Structure formats: structure tokens, C-alpha cells
Amino acid sequence: MIIEPKIRGFICLTAHPKGCEQNVVNQIDYVKSKEPVKGPSKVLVIGASTGFGLASRITSAFGSNAATVGVFYEKPPAPGKTASPGWYNSAAFEEQAHKAGLYARSINGDAFSDEIKQKTIELIKADLGQVDLVIYSLASPRRTNPKTGVTHNSVLKPIGDTTFSNKTVDFHTGKVSEVSIAPANEEEIENTVAVMGGDDWEMWIDDLKAAGLLAEGAVTVAYSYIGPSVTEAVYRKGTIGRAKDHLEATAFKISDNLSDLHGKAYVSVNKALVTQASSAIPVIPLYISLLYKVMKEKGVHEGTIEQIQRLFADRLYKNEVPLDEAGRIRIDDWEMDEDVQEKVAALWAEATDETLPQIGDLQGYKKDFLNLFGFDVQGVDYEKDVDEMVAIPGLV
Ligand code: NAI
Ligand code: NA
């Protein structure tokens with residue numbers, strides 16, 4: 001079929017298999033252009049099909065020759081209906097990994113469930129014995145807690161007494177408008193922490209450890225975000241930030257639990273990037289379009305693969321892992337650079353419908369958004385008939 005983007009708000013209902021494949025190949029090429037990293041050898045990536053998780057899987061495999069197991073929750077294709085992009089990404093990744101002689105298997109299902117944890121445990125037990133790195137990179141609007149059966153829905157709201165108001169942009173039209181978000185109540189805060197906090201990460205590590213699947217010195221990493229003051233009320237000091245606080249606190253708990261193995265849990269604070277998860281957060285797309293402009297002009301812009309390659313090469317697999325005062329790894333250092341932030345803050349004050357096309361990188365935002373779904377990727381012939389029924393070779 002001929003596949004075109006079908007955009008509805010901040011999602012796209014279609015995905016292009018060839019475009020997704022090209023994106024994966026480009027990421028692999030980037031990693032291979034860098035010095036190999038003496039990194040992990042057997043890796044489990046939870047949330048492995050898009051964004052930072054996919055970049056982590058690619059960096060492990062093609063930067064350190066690691067065997068990888070990927071867990072994700074993606075929609076398979078049906079005749080005449082495309083799969084979700086993470087499905088096609090994973091198919092392309094596995095094909096490339098197998099071609100390179102690397103072990104790669106995938107599990108598609110709800111990572112929050114006991115069933116998928118058990119399935120993953122059985123696979124690792126049978127095929128790898130143990131893993132020495134576990135990347136936790138889930139982004140989800142809801143989670144059913146397997147112990148209680150309760151389904152929690154997350155919200156993106158400020159916390160406190162005041163309604164948050166600031167600028168935001170519809171990145172399709174370039175229209176800048178004012179958005180107002182009323183504060184969350186206690187229940188909404190708790191639910192968001194239940195979804196995006198560290199509870200499930202801890203369950204995964206507990207289960208893997210109990211099954212004897214964590215190697216001596218095993219490391220686990222989850223991803224967090226801090227960001228600037230303009231997004232603080234709705235991000236870091238809002239409900240999602242509360243969940244990130246919980247995630248960061250969980251790292252210390254997990255590290256304690258892993259101490260007998262000389263293992264360690266880290267949180268890495270990453271840069272703001274266009275992913276399916278971040279496109280859905282109010283205010284963030286406007287911030288990202290200004291940030292991209294400034295960082296590209298300074299020559300310090302990075303995408304997910306550049307971020308994760310740097311995480312492995314310059315942070316995780318350095319002799320000593322450099323940490324901030326709160327014990328976190330920082331690869332948002334170039335984003336949070338004082339000069340970058342001053343410039344973004346000045347642009348923020350000026351941003352209107354009229355000025356944004358000049359002062360912001362709306363084009364870059366839109367392109368990255370389309371790229372997430374395999375569209376607008378250089379070298380792909382979109383006029384050509386493609387088979388939507390792509391299989392993931394190592395799907396368990
Ligand atoms: P993403 O939307 O690209 O990736 C989410 C992944 O989770 C996908 O592989 C998806 O299949 C998987 N997933 C979602 N629900 C699942 C479920 N129930 N079971 C199994 N797999 C499931 O998101 P992104 O942006 O890569 O986010 C990953 C982490 O990075 C999140 O913790 C996010 O907060 C963090 N982060 C994101 C930043 C950004 O700007 N995008 C910045 C800093 C941190
Ligand atoms: Na991810």
C-alpha cells in the first residue's frame with residue numbers, strides 16, 4: 001500500500017515501515033561511527049521500541065556488541081492497516097542485529113503486568129542466563145498494578161493552589177496560544193506517581209533478582225527530566241515531576257537491594273526531545289522548538305541516539321560514573337547550559353504566531369515529529385508501494 005501520515009493532534013495514526021527502518025539504520029550508523037564502548041554484554045531494555053529506549057538498545061548492540069532483549073507495547077499491522085512505529089522500528093532493529101550476528105529477541109505486551117515480566121524472565125533464563133544492564137524507559141499514560149488490579153491514569157497538571165497559565169504552540173499550525181491548567185488533586189498526584197514513578201521499575205528488578213538473572217555488578221538505568229523554569233510548574237513541580245521524584249528516590253532503594261551483587265541503579269536526566277511521549281505535554285513543544293533553534297545554532301543539538309551514545313561512552317562506562325549533587329547522571333548538561341537557557345528565556349518572551357517561524361525551529365519540530373512515524377525521512381520513496389505486514393523476526 002501507499003502510506004501517508006494521518007495526524008490527529010499529537011499522534012499519527014499511520015507509520016511507514018521503510019521510513020522507520022531508515023531511522024533505525026541511521027541510528028545504527030551513528031553508533032558505528034563512534035569508538036566502540038566497553039559496555040554491557042547482555043541487556044534488557046524495557047520500553048525498547050521508540051525514543052530513548054530504542055536508542056539504548058541500538059547503542060548496546062552496535063556500540064558494545066551486546067545481546068539484547070527488548071520489551072515494548074506496540075500495535076502489530078493488519079492487512080491495510082499499518083503497525084505502530086515501534087513495531088516497525090523493532091522489526092528493523094532485529095533484522096540489522098541478526099545480520100550483524102547479534103542476539104536480539106523481543107516481547108510485545110504490557111510491561112506492567114506479571115505475565116510479561118514472567119515471560120521476559122523465562123526468555124532470559126533460557127537464552128542469556130543473566131543480564132548486566134537493565135534499561136527502564138517506559139512512557140505510558142496508564143498502568144494497571146498487577147498486585148492490586150487497580151488501573152491508574154496519569155495527568156499532566158500543576159500542583160498547589162494556582163492555575164498554571166503560559167504559552168503553548170500547536171506545532172502543526174504554528175499557532176501560539178495561552179494554555180491554562182488547573183492544579184491536580186491528591187488522587188491525581190498519587191495516580192501519576194503510580195504510573196510514572198519507580199514502583200514498576202522496582203518490581204522488575206525485584207523479580208529479575210529473585211530469579212537469579214542479574215549478573216554480578218549489574219546496572220540498571222531509568223530516565224528522568226528536569227528542564228527550565230518556564231516548564232517547571234507543569235513539568236518538574238507538577239504531577240509528572242512528582243513521579244520523577246519518586247523514580248529518582250527508587251534508584252537509591254534499588255541500589256541498596258543490589259548491593260550484595262555490587263550492582264547499582266541510576267537515574268539519567270536526559271535532554272528534552274521530540275518523542276511520542278513529550279509531544280503530548282502542554283508547553284513543552286514550544287520550549288523544544290526554541291531550544292532546538294538555540295542548540296542547533298550553537299552546534300550542540302543532539303537527538304536520542306547522540307544522547308544515549310554519550311551516556312554510555314562518557315558517563316556509564318567511564319571508570320567512575322559522574323553524578324550531580326542529588327546522585328543523578330546528567331546528560332542534559334548542554335540543554336541546561338546557562339547561555340542556552342538565557343537565550344531560550346529571551347526567545348520565550350518574544351514568541352508569538354508571527355515571530356515563531358523566525359525565532360523557533362518549528363520546522364525541525366515538525367520534521368522530528370513526522371520522523372517518529374517514519375515520514376519525511378531522507379532517502380525513502382513515499383510514492384512506492386510498501387508491504388505493511390512486516391514481522392519482527394525475533395518476536396517471542
Ligand atoms: P517513547 O514514547 O518514545 O517510548 C516509550 C516506550 O515505552 C515505547 O517503547 C513503548 O512501546 C513502551 N511502552 C509504553 N507503555 C508500555 C507498556 N505498558 N508495556 C510495555 N511497553 C510500554 O518515550 P520516551 O520519550 O523515550 O520516554 C522514555 C523515558 O524517557 C520516560 O521515562 C521519559 O519521561 C524519559 N524522558 C523523556 C524525555 C523527552 O523529552 N522525550 C526527556 C527526558 C526523559
Ligand atoms: Na523509550
Q: Go through R242, R330, R315, R57 and list them by solvent-accessible area, largest first, probe radius 1.4 Å.
A: R242, R330, R315, R57
Q.
Could you sort L156, L208 by their accessible area in this structure, using a 1.4 Å probe and putting the largest first?
A. L156, L208
Q.
Checking the a/c ratio against 1.5 first, then a/b against b/c, what shape does the Cα gyration tensor give for the chain?
A. rounded
Q: Roll a 1.4 Å probe over the protein heavy atoms and report the accessible area of H262 in Å², nearest 10.
A: 130 Å²
Q.
Stokes-Einstein diffusion coefficient for the range 263-388 at 25 °C in a medium of 0.890 mPa s, Rh from the Kirkwood formula over Cα pairs: what value in µm²/s?
A. 149 µm²/s
Q | Positive-pole candidate from Y30, S41, M1, dipole of the range 1-47, charges at beta carbon | A | S41
Q | List S259, S278, ordered by accessible area with a 1.4 Å probe, largest first | A | S259, S278
Q) At a probe size of 1.4 Å, how large is the accessible area of H301, to the nearest 10 Å²? A) 60 Å²
Q. What whole-number value in Å² describes the accessible area per residue of the range 309-350 for a 1.4 Å probe?
A. 53 Å²
(Q) Rolling a 1.4 angstrom probe over the protein chains, ignoring ligands and nucleic acids, what is the accessible area of V230 in square angstrom, nearest 10? (A) 30 Å²
Q) If you place +1 on the Cβ of every Lys and Arg, -1 on the Cβ of every Asp and Glu, and leave all else neutral, what size is the dipole of the range 116-216 about its Cα centre, to the nearest 20 Debye? A) 340 debye
Q: In whole Å, largest first, what are the principal axis extents of the Cα atoms in the range 1-57?
A: 42, 23, 19
Q. Mind checking which lysines have their C-alpha under 16 Å from K125, skipping anything on the same chain fewer than 8 residues away?
A. K42, K117, K209
Q: Quick one: pull the percent of accessible area on the chain belonging to carbon and sulfur, 1.4 Å probe, ligands and nucleic acids left out.
A: 51 percent
Q: Mind telling me which of K244, K209, K18 comes out most flexible in a GNM of the chain, alpha-carbon contacts under 10 Å?
A: K209
(Q) Let me check against my output: what whole-number percent is the relative contact order of the chain, with C-alpha pairs under 8 Å and at least 6 apart? (A) 23 percent
Q: Using θ = phi - 60° and the Karplus relation 6.51 cos²θ - 1.76 cosθ + 1.60, list the HN-Hα couplings for the range 288-296 in order, rounded to whole Hz, with x at every Gly or Pro.
A: 5, 5, 6, 4, 4, 4, 5, 5, 5
Q. How large is Rg over Rh for the range 98-145, taking Rg from the Cα atoms and Rh as the Kirkwood inverse mean of 1/r across Cα pairs?
A. 1.01
Q | Rounded, prolate or oblate (a/c below 1.5 giving rounded, otherwise prolate when a/b exceeds b/c) for the range 309-349 by Cα gyration tensor | A | prolate
Q | Furthest towards positive pole of dipole, G198, A391, M295, structure part the chain, Cβ charges | A | A391
Q: State in Å² the accessible area per residue of the range 168-214; use a 1.4 Å probe, count heavy atoms of protein chains only, and round to the nearest integer.
A: 41 Å²
Q) Remind me, relative contact order of the range 66-197 in percent, using alpha carbon pairs under 8 angstrom and six or more residues apart? A) 18 percent
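The values are calculated or read from the model by the stated rules, or taken from the named source; none is laboratory data. If you're wondering where the values come from, they're calculated on a predicted model, not measured in any experiment. As a convention, Cβ positions derive from the backbone with ideal geometry for all residues, glycine included, and neighbour counts pool all protein chains shown. Accessible surface is based on the protein model in full, side chains and every heavy atom, while ligands, DNA and RNA are left aside. Shrake-Rupley method; radii C 1.70, N 1.55, O 1.52, S 1.80 Å.
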